[in-house]
Protein chains: 4
Amino acid sequence: MNTSSDKCWKWFIDYLSPSESHGHGINAIVYTGKSDFQKIDILDSKGYGRCLVLDGKIQSSEIDEFIYHEALVHPAMLSHPNPKNVFVVGGGEGATLREILRHSSVEHVLMVDIDSDVVEACKTHLPQWHMGAFEDPRVELQFLDARKYLEETNKQYDVIIIDISEPVEEGPAYLLYTKEFYRLVNDRLSESGTIALQAGTTASPYLINFTAVYQTLLSAFPVVTPYQASIPSFGLPWGFALASKATDPTTWSCEAVDHLISERIQGELKYYDGITHRGQFSLPKNLRHALKAEKRIIEDNQPLYLYV
Amino acid sequence: MNTSSDKCWKWFIDYLSPSESHGHGINAIVYTGKSDFQKIDILDSKGYGRCLVLDGKIQSSEIDEFIYHEALVHPAMLSHPNPKNVFVVGGGEGATLREILRHSSVEHVLMVDIDSDVVEACKTHLPQWHMGAFEDPRVELQFLDARKYLEETNKQYDVIIIDISEPVEEGPAYLLYTKEFYRLVNDRLSESGTIALQAGTTASPYLINFTAVYQTLLSAFPVVTPYQASIPSFGLPWGFALASKATDPTTWSCEAVDHLISERIQGELKYYDGITHRGQFSLPKNLRHALKAEKRIIEDNQPLYLYV
Amino acid sequence: MNTSSDKCWKWFIDYLSPSESHGHGINAIVYTGKSDFQKIDILDSKGYGRCLVLDGKIQSSEIDEFIYHEALVHPAMLSHPNPKNVFVVGGGEGATLREILRHSSVEHVLMVDIDSDVVEACKTHLPQWHMGAFEDPRVELQFLDARKYLEETNKQYDVIIIDISEPVEEGPAYLLYTKEFYRLVNDRLSESGTIALQAGTTASPYLINFTAVYQTLLSAFPVVTPYQASIPSFGLPWGFALASKATDPTTWSCEAVDHLISERIQGELKYYDGITHRGQFSLPKNLRHALKAEKRIIEDNQPLYLYV
Amino acid sequence: MNTSSDKCWKWFIDYLSPSESHGHGINAIVYTGKSDFQKIDILDSKGYGRCLVLDGKIQSSEIDEFIYHEALVHPAMLSHPNPKNVFVVGGGEGATLREILRHSSVEHVLMVDIDSDVVEACKTHLPQWHMGAFEDPRVELQFLDARKYLEETNKQYDVIIIDISEPVEEGPAYLLYTKEFYRLVNDRLSESGTIALQAGTTASPYLINFTAVYQTLLSAFPVVTPYQASIPSFGLPWGFALASKATDPTTWSCEAVDHLISERIQGELKYYDGITHRGQFSLPKNLRHALKAEKRIIEDNQPLYLYV
């Protein structure tokens, strides 16, 4: 069945830690560059199609980015009764925009990404991701430090989606994972406002990030609901969290979710529906215990760095 | 944060396919051998502790084997009202036995593994897995071809757990994934009998195994309920299936599961409880669609081989 | 000294055998394709610059191809008193041509490569290799099976350079390593004719190729002089052989070689001179013994295949 | 030819640099430990047998250690007319001792290795290397900083062999590669004294070490003769240097070397003889030019660090 013609000699090795790696055979390096903030690669992998890689770590792949982006966006959007103004931190691929724009209530989306090189590369090379979202008249794109922007604005947003890379030393993201930042985010939310973010892997050896982000969110929001999805190209199960001033989406029935989707989201979703919702918010016992047991609160002067 | 002292130069590379790999830094090769059926390695990895590896593929790791074995055993055991006689196909680590023996109704467990070398190596080197289960007076261990045994016996079993490696060409397992085998298994089940099995990864590039096993089970059982768990050391999300003559555990409430556990299972579970149950049986929309769309039925003369 | 900014996640892994590999960090995949005969990659590596890779094995790199090509071409050319007609088997990069054309006596070079895709890719992407050699009016290029050509021609050549990839099953080269082929080559040589070829690594675990090629040449030529050069990008030391009707270049003094070079070769060589000549023909005792001890003769119906 | 049974999943990856690696399939980790100075591994590789690995870098392998140790020891020993007292810096495997003790003139060898854990591990696990040399009554073994020892002693040695790992930051060796150290070594040599040392790879991307060691030796010795050998398990060609107060072994004929060997060395050498001698001292033109062009002198306060 597997002959020598299957052999692969060009690889992208995603170092999950100094002692764990996930390797993808590749056919092409579509783009490679170094911005002011990070190294950017767009690769064509054999198993997962095109991939965006920042500082050596996969951000999303053609085959399963829909899982990541639907999981990240829709629960938060549906948690707000009528989201009109949405703020996106990061989200360079444009797929977070794409999913937000499916919500018919949306009037304005401000996306703030610190790295215009990433966005330009994605616009050119990831059309399957953004599907033209950057051209939607509801979208405003700014290349800024999102934290600085939020500090200086007095605008309020109904939903804030934080779609950034992991907190690595000298990387652009680690100050967007702290108590101070989350409190700032809370201040900029409208009354029924909700945020969602990716929170790192839920794999035991690295669980510290997921659990510390959870406890840190709890120090800034009354309701925090962590959840999980399998995005196979990442090589490890992945965690998310939703935090809000009021709404707890774990209480919704499958039918209620399906009803909200049919009322408020345009087009057919591939990953997210009522049963998916129930599944991703039903974390296994060991994860629930680890979340509860965590004591660490991430602060500006005690940041959490992950392995690069 | 990561200094050169973190560097790792001894690796176990789990080739998930010719173009995907999951690498684990290792400290020790505790055991290595070649049986009549396969190559056996027991390794100490840096991230996941001790690991059993058969023909180069990880079977379970110290850190997260509890997820695999609790997910595999308990839903099936609880699906039967009063399981007394249990049959285990494979299960060399002894951890499947360990979980079965927690059920107070159990009177007899017959474990049939084709490879005595695997079992001997596990007995010696994986005490954290079996925790003495092989010595339990309710356990009978035979080194046979499980299919041949089932063909020749006229005994009936309340629960049958199929805990075997993946179907690879020339490997010991591929004839235990066919319609003919599943029908034989069904014949040997008692009235309310249930089976459970691991069914390969649910990652898109390899989904064929999970979906074809599902359809093949449907050709032999009236009720088939696929489910999924994240076992991080595997590098990919993992699929299971439960098949029975009657019971559908997806209809149970969280509370009902928790009640069954407290009544029938001794000791504290780490992974499985009511919420976990709900989560693992709530497959995402894309997986549910792929399961339904699959046409392939695996047969003895049309086996499905995975990559070695 | 080495910071995370040195980290490399895009790799070309050259599998020297199932249990030995040489990995090169890469920046770009300049070209990738599949011809009728083999898979072709042109990669930009971090350590060795641009590389030509056929069927996953490095053929030459920008940084040290001069060693390979000077070692292959000049000893054979200088072994003939006045080489006018030269035949090249393979040599897709054009660098073998480049070195041959430096010899002022040369009037005509026929290069026969079976794979026009390789040559086209090299013409476009390896200008540092061929340096325009394909445009030299003395050069004739044909895309043919070199063995078939030699069987059908009655022309004679003064020097024949065999610059082909290794003998792998189903690959284009294995019938160009046999006694029958070498006898054919001998028949097409003019009176003082000489041939040179690369003969695989001289590393102990794979020495069979080098030693068997040597013994096979001895079955077809009166004088055979094996030699060796270090081409670091190959990851292993490399063997060559020169075979002729009469001349034994190992008897030349350093001064004689330097004199021949200054008289007959245009431009400055980077690798080859009198002292280099003495070094590369002075094989270590263990290699000399292994060459002598080898019994294997490679024949058409008993070909030698190396690992792919 | 290569079936799945050849597949290898346990590897030692020797990182030659952040962007170059040499991988060896392994069967066993015979020993692993951490001394006060470095991490120590003794591995059984598939291609090269048992290997000693310090801080992740191969030091020698069962299959080709004879090349390394014969190349390191014999030219220096033969450069002295009658070596009685020999000093070894490092040399943990005991194979340098083994080769020195073959010289019938030797009366006393003092080996000073900073790391007793390495020596103990080698004594136990590398009997094929030392062959009992540590038990020879002429041998004295001390666990000290060799530089400190030489500073404090007033003894003189006929030959000094420096057999140490590469100069890496925080490693035990980098102060044994400086001008100050080499001058100290010169001071402790008897009148016709000679030293030999391994000087790192001669591969172009890393040539700085070899060429800077050469220039640094020239700042301390009147005669310095660099040389090179192929030790395939290292993955790259390897450099050595001999430095002496007077003798230049490059002027010796092959016959003279063979005569010296037969007179002064007991037993049969596998690698080194007259022709080997001629070969290894005849460096290619490009290396000779690079050696001459190098300006760098390594000093205590300007050490040279290689990649770890």
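The values are calculated or read from the model by the stated rules, or taken from the named source; none is laboratory data. Computed from a predicted structure; not experimentally measured. Methodologically, a virtual Cβ is constructed for each residue, glycine included, from the backbone with ideal geometry; neighbour enumeration extends over all protein chains shown.
Odds and ends about this structure:
- The lone exception for A:S17 - which of (1) modelled with pLDDT under 95; (2) within 21 Å of C:N27 (Cβ to Cβ) it fails: (2)
- Residues of region B:1-14 that are more than 9 Å from chain A (Cβ to nearest Cβ), over 21 Å from the mean Cα position of the chain (by Cα) and modelled with pLDDT of 95 or more: B:W9, B:K10, B:F12.
- Only residues that are in contact (Cβ under 8 Å) with a residue 12 or more places away in the chain, of a type in the set (S, T, N, Q) and more than 10 Å from every other protein chain (Cβ to nearest Cβ) were counted in region D:212-254, giving 7.
- Residue selected from region D:265-288 under the condition more than 8 Å from chain C (Cβ to nearest Cβ) and without any contact (Cβ under 8 Å) to a residue 24 or more places away in the chain, by the criterion surrounded by the most Cβ atoms within 10 Å (Cβ to Cβ): D:G274
- Scope region D:59-89; condition crowded, with 24+ Cβ neighbours inside 10 Å and closer than 15 Å to D:E140 by Cβ; matching residues: D:V86, D:F87, D:V88, D:V89
- Selection from region A:18-29 of residues that are buried (at least 18 other Cβ atoms within 10 Å of the Cβ) and assigned to a strand (DSSP E or B): A:E20, A:S21, A:H22, A:G23, A:H24, A:G25, A:I26, A:I29
- Comparison of D:L110, D:L43 shows that the only residue that is farther than 30 Å from C:H24 by Cα and out of contact with any Pro (no Cβ under 6 Å at 6 or more places or on another chain) is D:L110.
- Neighbours by Cβ (under 7 Å, 6+ apart or cross-chain): first from region C:102-122, buried (at least 16 other Cβ atoms within 10 Å of the Cβ); second hydroxyl-bearing (S, T, Y): C:V112/C:Y149; C:D115/C:S35; C:D117/C:S35; C:V118/C:S35; C:A121/C:Y31
- Qualifying residues in region C:36-53 (those that are without any contact (Cβ under 8 Å) to a residue 60 or more places away in the chain and closer than 19 Å to A:K46 by Cα) - the one surrounded by the fewest Cβ atoms within 10 Å (Cβ to Cβ): C:K39
- Within region C:148-175, tally of residues that are under 19 Å from C:L218 (Cα atoms), surrounded by fewer than 22 Cβ atoms within 10 Å (Cβ to Cβ) and away from chain D (no Cβ under 14 Å): 1
- Search result, residues across region A:255-264 that are charged (D, E, K, R) and either away from every other protein chain (no Cβ under 13 Å) or in contact (Cβ under 8 Å) with a residue 24 or more places away in the chain (or both): A:E255, A:E263, A:R264
- Selected residue (only one of C:D117, C:D163 is farther than 30 Å from C:I261 by Cα and of a type in the set (D, E)): C:D117
- Counted residues, region D:179-204 - those being under 29 Å from C:I231 (Cα atoms) and touching a strand residue (DSSP E or B) at 6+ places or on another chain (Cβ under 7 Å): 8
- Enumeration of residues in region B:22-39 that are out of contact with any Ser or Thr (no Cβ under 7 Å at 6 or more places or on another chain) and within 12 Å of another protein chain (Cβ to nearest Cβ): B:H22, B:I29, B:V30, B:Y31, B:T32, B:G33, B:K34, B:Q38, B:K39
- Residues of region C:289-308 that are at the interface with chain D (Cβ under 9 Å from one of its Cβ atoms) and touching a strand residue (DSSP E or B) at 6+ places or on another chain (Cβ under 8 Å): C:Y305, C:L306, C:Y307, C:V308.
- Residue tally, condition part of a loop (DSSP other than H, G, I, E, B) and out of contact with any Ser or Thr (no Cβ under 8 Å at 6 or more places or on another chain), over region A:250-282: 9
- Odd one out for C:E170 among (1) more than 19 Å from the chain's Cα centre (by Cα); (2) modelled with pLDDT of 95 or more: (2)
- A single member of C:G33, C:G92, C:G56 is in contact (Cβ under 8 Å) with a residue 40 or more places away in the chain and buried (at least 22 other Cβ atoms within 10 Å of the Cβ), and it is C:G92.
- Every condition in (1) outside any strand (DSSP E or B); (2) small (G, A, S); (3) within 10 Å of another protein chain (Cβ to nearest Cβ) holds for D:A76 except the one numbered (3).
- Any chance C:E99 is in a helix (DSSP H, G or I), among the acidic types (D, E), within 12 Å of chain D (Cβ to nearest Cβ) and surrounded by 22 or more Cβ atoms within 10 Å (Cβ to Cβ): no
- Failed item in (1) within 16 Å of the chain's Cα centre (by Cα); (2) closer than 23 Å to C:Y307 by Cβ, with C:L97 passing the rest: (2)
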